[in-house]
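This report refers to the structure that appears directly beneath it.
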Amino acid sequence: MKRTGLECPGAERIDFGGAELGGPHSRPATPADAPAEIAGLAGSRAHYILVQATDRAGRLGVGADEVLLAASLSTSDELARGAARQAEVDFLPLEEAPASPARRIASRTVLDMLRSGTARLPDGRIVVAARGLRLRALMDKLAERPELAARLCLTTPERFIGHVRARFATELAGHAAFRLWQDFPALSARTLGASRYLLAGLALLLVMLPVAMHFLPSAAMVAVALVLAALVLGWSGLRIAACTYVPDPDPPPMRDERALPRYSLLVPLYREARVVPQLVDALEALDYPPEKLQVLLVVEADDRETAAALAAHLRRPGFDIIVAPTLGPRTKPKALNAALAFATGDIVGIFDAEDIPEPQQLRRVCTAFRRGGPNLACVQARLTIDNLADSWITRQFAAEYAAHFDVVLPMLSGYNLPLPLGGTSNHFLRAALERIGGWDPYNVTEDADLGVRLARHDWRTMVIASTTDEEAPRRARAWLRQRSRWYKGWMQTLLVHGRQPLQLVRQTGIGGALALAFMLGGGLVLTEGSDVSRGFGGIRREEAGSSG
């Protein structure tokens, strides 16, 4: 997050990302000098601070209150109370413990409440949690129609979200855990039922194939050999073809600050307190206006060590901690769904705790979306291994990642074929992500599944050369556990999307269906099922990670 020079309120002059105006002895501001959203601070802030905040807000296309908040020059309560005084409406702190609703309401109603920032109170008034240009528009409307003031009250977005989260925790938890299963049951791994045990059976068959060759009829063995050979040849053919593909030039970073969209980053963490300082430094190094960047860090309810580390290292506004609900499976995709409900950005990006993304990555993603056309829903950045010198395993990982992210995925993207996303550094249009049901909490490689579902809903994915550094497992045991999880998830994905093959072909084309079979099925065959024949019964949070 690029610094704006705002964090030094005691300095002689304050640089708001550009021109220096005024000085500490400037006259106090008057309400007429300031935009409506900060007019209530007149008299409590020096004129030059409000002028520079207004100037930066105009360049970014945000509210001046958002500039002051991002610079730690004001608090959300102070801004909202000042706006309430200026508009002559009540400020509602929402401090009382929220009462449980008399009856359950639909989770989508709760989400609409969060998106709109409005709710009706028992006395008939409407509480509004607004900030920035939306707050300015509201105050302009109240100035035109002052009789509306008696029907409204203001609160901060933070207080409003906290109140909704506490009161409707059950509805939000159900949405995170079961939304995809409820809306698109045929695309959820939860509906695999007894067929999930085919995974273990297939793995066992692959392991025992040399023995089975002596007992199966020759015709059956020929059929099995043909299928396996086709998958292996297809898998190899995709990689050979990818070596001849020349991707388009990488998009440059978007420099038009006003055109930059609002961005939300979701970062799931589980037992990763040791990397919190590195994570916070990496996120703060991103070159993006803090007024337009929201960071949601998702922890599990029992992971107190990570939560404490985050609380100790979060130094700037814009970082919020979300506690994943306990309802449903404890998996990374459920945690992401839980955070998505509170995301405010037009674009949603995913990072893992150990990631160090290129500082310009978000700006490059914005350019890609601008140039990519209306059906571009996802931009995948490339992943690189930064600890390749640690062991032989990490060096093999580095080579594999280079082939996968630098060669194979760009070709699949270029020909508009389904591609298994990496578990991190993928960036989505929030509207598209919500439309297809978010992540599948019951698939242990939710990223690969999501890439296929995007293609089935006629959304495109683009791969860009911006890189994110991440750590590879150093030891064989950790590598085997991760690799086993990937193969299990690929099998789940093949079963989910392969159980309606004709519909899959209609939605992705014959080329897309074959590419999916070759990418996932061919990879599975080549492993000979050596480490996928165990543990298909449950899904734990530590198993639900990147599918690389």
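Only the coordinates and a few stated rules stand behind these numbers; no lab work does. Keep in mind it's a predicted model, so treat the numbers as computed, not measured. Every residue, glycine as well, gets a Cβ built from its backbone with ideal geometry; the counts of neighbours run over all protein chains shown.
Key figures
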{"read-out": "Formal net charge of residues neighbouring Ser116 (Cβ-Cβ distance under 14 Å; K, R +1; D, E -1)", "value": "+4"}
{"read-out": "Principal axis box of the stretch 99-197, alpha-carbon based, largest edge first, Å", "value": "65, 30, 19"}
{"read-out": "Net +/- balance of residues flanking Asp90 in space, Cβ distance below 12 Å, scoring K and R +1, D and E -1", "value": "+2"}
{"read-out": "Karplus-derived HN-Hα couplings along the stretch 77-88 (A = 6.51, B = -1.76, C = 1.60, θ = phi - 60°), whole Hz, x at Gly and Pro", "value": "5, 4, 5, 5, 5, x, 5, 5, 4, 5, 8, 6"}
{"read-out": "For the stretch 208-351, diffusion coefficient by Stokes-Einstein and Kirkwood Rh (Cα), 25 °C, 0.890 mPa s, µm²/s", "value": "126"}
{"read-out": "Beta bridges per DSSP with both ends in the stretch 370-471, % antiparallel, nearest 5", "value": "25"}
{"read-out": "Long-range amide H partners of Phe91 with built H, under 5 Å", "value": "Leu154"}
{"read-out": "Qualifying trypsin sites (Lys or Arg not before Pro) for the stretch 216-259 [loop in DSSP, other Cβ within 10 Å: at most 16]", "value": "Arg255"}
{"read-out": "Most to least packed among 353-360, 451-458 [average Cβ atoms within 10 Å]", "value": "451-458, 353-360"}
{"read-out": "Percent breakdown of C-alpha pair distances by 5 Å bin, ordered from the shortest bin, for the stretch 277-369", "value": "2, 12, 23, 24, 21, 11, 5, 1"}
{"read-out": "Fraction of beta bridges assigned by DSSP in the stretch 50-193 that are antiparallel (%, nearest 5)", "value": "35"}
{"read-out": "Rounded, prolate or oblate (a/c below 1.5 giving rounded, otherwise prolate when a/b exceeds b/c) for the stretch 424-474 by Cα gyration tensor", "value": "oblate"}
{"read-out": "Amide H contacts of Leu383 (H built 1.01 Å from N, under 5 Å, at least 5 apart or other chain)", "value": "Thr468"}
{"read-out": "In sequence order, calculated HN-Hα J values of the stretch 433-441 (Karplus, 6.51, -1.76, 1.60; Hz; x Gly/Pro)", "value": "4, 5, 5, 9, x, x, 8, 8, x"}
{"read-out": "Whether the stretch 220-300 is rounded, prolate or oblate, judged on the alpha carbon gyration tensor where a/c under 1.5 counts as rounded", "value": "oblate"}
{"read-out": "Anisotropy class of the stretch 452-531 from Cα gyration tensor, a/c 1.5 cut", "value": "oblate"}
{"read-out": "Relative contact order (%) - the stretch 435-497, alpha-carbon pairs under 8 angstrom, separation at least six", "value": "44"}
